[in-house]
Amino acid sequence: AALAQLQLAVPVAVVFAPGSVPGDLPKPLPFRDVQEMEISLNLRASVTSRYEMVCRSTTAQEEAALAAATAQEADAALHPLQDTTVGSLTIYVLPETSPLLPQGVSVYVGKHRSALLRAVGSLAGLRALLRQLTQLMSFTAGSIATALADRVPEGQLSPDARRRLKSSLGYEITFSLLNPDPKSHAVTWDIEDAVNRYVQPVLDKLSLVANFSVDSQILYYAVLGVTPRFDKESSSFLLSAHSLPHVINPVEARLGSSAASLYPVLNFLLYVPERSHSPLYIQDKDGAPVSTNAFHSPRWGGIMVYNVEAPASPPTSLPLHVDVDMVRVMEVFLAQLRLLFGLSQEEVPPEFLLESPGNEGLADWELDRLLWAHTVENIATVSTTLTSLAQLLDKIGNIVIKDDVASEVYRAVASAQSAVAELATGHLQSAFQASKEAVTSSERAFFDPSLLHLLYFPDDQKFAIYIPLFLPMAVPILLSLAKIVREARQRKKEPTKVD
């Protein structure tokens, strides 16, 4: 029921620089303007998005920041001046002649929660651009449908929807180096340094979303499940796209981390092919080589093939010493990590310019996109879990529900309601926290040990247990009852003697 009337409110400040105010504004600045849009998901549920805009003029400090030489510098100078609350957006409208935006670019999206937009003459044109931009920086109908993938008809989902990991309170990331041929290759990789330099900044940023743990391992004699095909022309070995799904299973048996984990595990594998299969290249569906020589598997992780340069002269002694170039490897793994979290770039129009987030791996607004989607998904998960629990308890007639289970259910409902209310007022961070608490409480109630054994204790099982105990005692009792009944009937039949 919580989803049927879900409202997502996004606070947006639209700040007009001098010379950028369209002539047909309905009233003088400052004023408020609300744009509502309905995202219909299925017959029963639709989500309403409200962009609550406050339109105003720039302050003297903001004008000074906008006088910077480049858009990047302006973005950095404006950052301390804006509202940086999670989920809020600030959009600066610049005059049409502004030199900050390069030729042909009408929108520049910064690293934080703001964007620069080139003024268009009319209010209608400005509104259309604002709608496109605010959706890109918060959520689109597609990203909300993806978050609710389990409740949305197949046709409405983008092909990427199934690739994204489901929302979880934590994730485990495992980096594995696979060396199937240690006799020929002595491979070393400085994974600790690489994780600290490239992965940790991204995880620090994502720490708002979930807890992460990272570990690494080296596996020897671990081979891929598919024998690559030798290609005479290029004198190399090829793995075709349709054989890639079969690569994972045999390797996964060796990884051995996901079985004991409470949380989803992301596997990133670096495979150094054996000498007899080197060099090894991955082909896409059209038979062209894949530039990264890597592929990813939705909700599972990614594999990169790392070829060892064959020495010019035949080596005198094996194994060859191989030092992995971690920069090249981490570039690929981080790109795959973004894909798995659904942070792949949305299709943006050519006149939009997105600033690269640098070594943090994701911009603040991308983090917000993730939080919007995960909050909605968490609320949906809680409503599903509690509905399943209610149906389950209905089926078991003689169940005893302990107070602590009941209080977890009440807490889950209260937290979910609080998350829905916070979303409607535009407080994304507190909505997300409440949705996480709701998930934790609903799962504690659902998996409570006092309920679990009752699920596996149906009525026929009770008879099977109790009949052997009671039957030996019941037989003599039943026999004597039968005897009493027989004697009573006998007595009725005999006519009474009259003296």
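The values are calculated or read from the model by the stated rules, or taken from the named source; none is laboratory data. The structure presented is a predicted model; accordingly, all values stated were derived computationally and were not measured. Positions of Cβ are generated from backbone atoms using ideal geometry, with glycine treated the same way; all protein chains shown enter the neighbour counts. Calculation scope for accessible area: heavy atoms of the full protein, side chains included, ligands and nucleic acids excluded. Shrake-Rupley method; radii C 1.70, N 1.55, O 1.52, S 1.80 Å.
Met473 sits with roughly 120 Å² accessible to a 1.4 Å probe, with DNA, RNA and ligands left out of the calculation.
Between Asp460 and Arg486, what's the calculated FRET efficiency when r is the beta-carbon distance and R0 is 25 Å? Round to 0.05. Calculated value: 0.15.
Over the chain, what is the relative contact order in percent, taking alpha-carbon pairs closer than 8 angstrom and at least six residues apart?
17
The computed Cα extents along the principal axes in Å for the structure shown corresponds, within (1) 68, 58, 46; (2) 134, 82, 37; (3) 66, 54, 49, to (2).
Peptides 65-74, 423-432 ranked from most to least packed by the mean count of surrounding Cβ atoms within 10 Å: 423-432, 65-74. The residues neighbouring Glu408, those whose beta-carbon lies less than 12 Å from its own, together hold a net charge of -2 under the Lys/Arg +1, Asp/Glu -1 convention.
Once the C-beta distance of Val54 and Ala149 is scaled by a Förster radius of 60 Å, the resulting FRET efficiency is 0.95 to the nearest 0.05. Among the listed pairs Lys111/Lys166; Lys166/Lys395; Lys462/Lys483; Lys436/Lys462, those with a Cα-Cα distance over 27 Å are Lys166/Lys395; Lys462/Lys483; Lys436/Lys462. Helix screen, the chain: DSSP H segments with Cα axial length of 24 Å or more and mean Kyte-Doolittle hydropathy at least -1.0 are 364-395, 403-424, 428-446, 459-493. Hey, with R₀ at 60 Å, roughly what FRET efficiency would Asp403 and Lys232 work out to, going by the Cβ-Cβ distance, to 0.05? It comes out at approximately 0.25. Net length available on complete extension from Ile218 to Leu81 is 44.6 nm, with 0.36 nm assigned per residue and the Cα-Cα distance removed. Restriction of the trypsin sites (Lys or Arg not before Pro) in the range 356-436 to DSSP coil positions whose beta-carbon has at most 16 other beta-carbons within 10 angstrom yields Lys402. The accessible surface of the chain, taken with every protein chain in place and a 1.4 Å probe, is 57 percent carbon and sulfur.
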